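The values are calculated or read from the model by the stated rules, or taken from the named source; none is laboratory data. Predicted model only: the values in this text are computed from it and were never measured. Please note: Cβ atoms are built from the backbone with ideal geometry, for glycine as well, and neighbour counts cover all protein chains shown. Protein only, heavy atoms only, side chains kept; ligands, DNA and RNA dropped before computing areas. Shrake-Rupley method; radii C 1.70, N 1.55, O 1.52, S 1.80 Å.
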Amino acid sequence: MKEFKVTYFFDEEHYIRRFIHMESQEKAEKLIRNERDQYISFRDSRGIYHELNTKNVRVIQVSEYFRIDKSKK
């Protein structure tokens with residue numbers, strides 16, 4: 001499984017980010033397309049619960065994320 005960072009931008013200053021695990025970039029993009037104009041819910045990396053209406057989002061970015069283990073430094 002690969003990890004992908006999904007960022008939902010509302011304007012130049014406001015955004016919400018979540019991380020998803022999928023087999024490929026194409027499958028991650030398909031998931032995002034299928035969620036278009038719907039309410040979705042998720043917990044972020046800090047454990048905060050979010051409900052988001054994707055209809056109100058201006059831009060969505062999806063990119064593969066390479067997590068760095070800071071404990072090994």
Name the residues in the range 26-73 that are modelled with pLDDT of 90 or more, among the β-branched types (Val, Ile, Thr) and within 19 Å of Glu3 (Cβ to Cβ), would you?
Ile32, Ile40, Ile48, Ile60, Val62
Residues being touching a Phe, Trp or Tyr at 6+ places or on another chain (Cβ under 9 Å) and open to solvent by 80 Å² or more (accessible area, probe 1.4 Å) - total across the range 57-73
3
